[in-house]
Amino acid sequence: MLADTHGNVIHLGERECSLQRRHQKVVEEAPSPLLTPEQRGSMGAAAAEAARSVGYVGAGTVEFIVSADRPDEFFFMEMNTRLQVEHPVTEQVYGVDLVEQQIRVAAGERLDPSLAERVLEPCGHAIEVRIYAEDPANGFLPTGGRILAFAEPNGPGIRADSGVATGSVIGSHYDPMLAKVIASGRDRAEALARMDRALASTVLLGLTTNIAFLRALLADDEVAAGRLDTSLVDRLVAVTPLGDVPDDVFIAGAMVGLLGGTGTSPWDDRTGWRLGGHATIPDRIEVPGGTGSEVRLRWEGGSWRAGVPGRADRTVEVLEFESGAAGTQRMALRIDGVRRVVHVATDGATPLDRSRGRRLARHRTTRRRHRCRRRWHRRHHGADAGQGHRARRRGR
């Protein structure tokens, strides 16, 4: 709603806010896929009359609820006398800067009459998601920690509003919302597709977030079809294994650990080269609070073969590998023909995977052949055998 000091009140459409968890919104969109043009007009008129009846001035939002049993009826809930978190979707669809309008109203200006006409023809569709520092697998309870790497998404139709940066410490004193991502498109399907790409490219490492859950939620068949209600998130959580970690995450963690070192000596070769053929390189990647997995890597004719117990081996090609600031790394892989980009940050000795924001603890199994050889010589030829062996080699 927008209302000025001259008695003018207009509404700028509606925002659909049914997707909630713990009675708080996580996804908002405009226009609502559930309303007909007639319902939109009736609801907007009721909201404008409510604001006018109390002499309201400024920007605000009137909230209504619709019963699934009586979809043609709506009921007043409350009025939020401020801009709300999800106001960007209205701005994207109706082409109005709500913050600017709020300031103009406060300065005593009249509302532009043409604003009322924009609600009749919304331009495309917009969706907003809230990125929280929370753990969906643990009842959406807040998490915390220091952000080790953060990069907002960008691209056509993408807007990101955030208040954090790399190095920010997320504690328990404030709301755990970290950022908002808004995707707009010519229609709802395009907005959903752009949002999925935006979330996939968001880098936020150092603490557990709801990014993966948001992608799963927007990919749900009910959400894609626009059949939304306030209990949908709870139903999805009940049937979705939120703690599962994709095999690609374990494989990527092992690849980063293997190739992340430096060195130009032949002894620094990381392909497991041996005279009789390349050796299999074992590794173990663990996700605290989740699961762990063994990973076997083997170099075969220009690409890697990666194996996870109970799964068929995967073909892995390293397309790009680069190190960034503050110990961050970026690796582009092609796993069975599918390109995957992985961002990694290190907290001490613990690398963090981008797609889940979970800690990946590596436990490398190494073969210490030279040390074992020296122990064998000492046992069978005396304590000085190793020194003599090295001396003879230096004299050759």
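Could you tell me whether the range 42-50 includes any residue that is within 23 Å of Ser162 (Cβ to Cβ) and of a type in the set (D, E, K, R)? Among the residues of the range 42-50, not one is within 23 Å of Ser162 (Cβ to Cβ) and of a type in the set (D, E, K, R), which makes the answer no.
Scanning the range 65-104 for residues that are more than 29 Å from the chain's Cα centre (by Cα) and within 23 Å of Gly124 (Cα to Cα) turns up Glu100, Gln101. So which residues in the range 216-226 are part of a helix (DSSP H, G or I) and either among the hydrophobic types (A, V, I, L, M, F, W, C) or surrounded by 18 or more Cβ atoms within 10 Å (Cβ to Cβ) (or both)? Scanning the range 216-226 gives Ala216, Leu217, Leu218, Ala219, Val223, Ala224.
Just name the residue that is nearest to Thr208 (Cα to Cα) out of those in the range 273-320 that are assigned to a loop (DSSP other than H, G, I, E, B) and of a type in the set (S, T, N, Q). Applying the filter and picking the extreme gives Thr291. Of all residues in the range 29-49, one or more are closer than 24 Å to Leu192 by Cα and of a type in the set (Gly, Ala, Ser). Among residues of the range 172-183 that are free of Cβ contacts under 8 Å to residues at least 40 places away in the same chain and among the basic types (Lys, Arg), none has a beta-carbon under 9 Å from a residue that is surrounded by fewer than 20 Cβ atoms within 10 Å (Cβ to Cβ) and assigned to a strand (DSSP E or B) at least six positions away or on a different chain.
Each row is one residue, and each column tells you yes or no for (1) touching an Asp or Glu at 6+ places or on another chain (Cβ under 8 Å); (2) of a type outside the set (Lys, Arg); (3) under 22 Å from Ala224 (Cβ atoms); (4) at pLDDT below 95.
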position: Met1; (1), (2), (3), (4): no, yes, no, yes
position: Leu12; (1), (2), (3), (4): no, yes, no, yes
position: Arg22; (1), (2), (3), (4): no, no, no, yes
position: Val26; (1), (2), (3), (4): no, yes, yes, no
position: Ala30; (1), (2), (3), (4): yes, yes, yes, no
position: Thr36; (1), (2), (3), (4): no, yes, yes, yes
position: Gln39; (1), (2), (3), (4): yes, yes, yes, yes
position: Ser42; (1), (2), (3), (4): no, yes, no, yes
position: Ala45; (1), (2), (3), (4): no, yes, no, yes
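Here's the yes/no breakdown for (1) part of a loop (DSSP other than H, G, I, E, B); (2) at pLDDT 95 or above; (3) within 11 Å of Ile127 (Cβ to Cβ):
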{"position": "Pro156", "(1), (2), (3)": "yes, yes, no"}
{"position": "Asp161", "(1), (2), (3)": "no, yes, no"}
{"position": "Thr166", "(1), (2), (3)": "yes, no, no"}
{"position": "Ser172", "(1), (2), (3)": "yes, no, no"}
{"position": "Asp175", "(1), (2), (3)": "yes, no, no"}
{"position": "Ala179", "(1), (2), (3)": "no, yes, no"}
{"position": "Ala183", "(1), (2), (3)": "no, yes, yes"}
{"position": "Ala193", "(1), (2), (3)": "no, yes, yes"}
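Name the strands (runs of 3 or more DSSP E) wholly inside the range 23-125 in which the number of residues that are exposed (fewer than 12 other Cβ atoms within 10 Å of the Cβ) and without any contact (Cβ under 8 Å) to a residue 12 or more places away in the chain is 1 or more. Let's see the steps before the verdict.
Details: elements: 27-30, 61-65, 75-80.
Of the strands (runs of 3 or more DSSP E) lying wholly inside the range 23-125, those with at least 1 residues that are exposed (fewer than 12 other Cβ atoms within 10 Å of the Cβ) and without any contact (Cβ under 8 Å) to a residue 12 or more places away in the chain span 75-80.
The values are calculated or read from the model by the stated rules, or taken from the named source; none is laboratory data. Being a predicted model, the structure only gives us computed values, none of them experimental. Every residue, glycine as well, gets a Cβ built from its backbone with ideal geometry; the counts of neighbours run over all protein chains shown.
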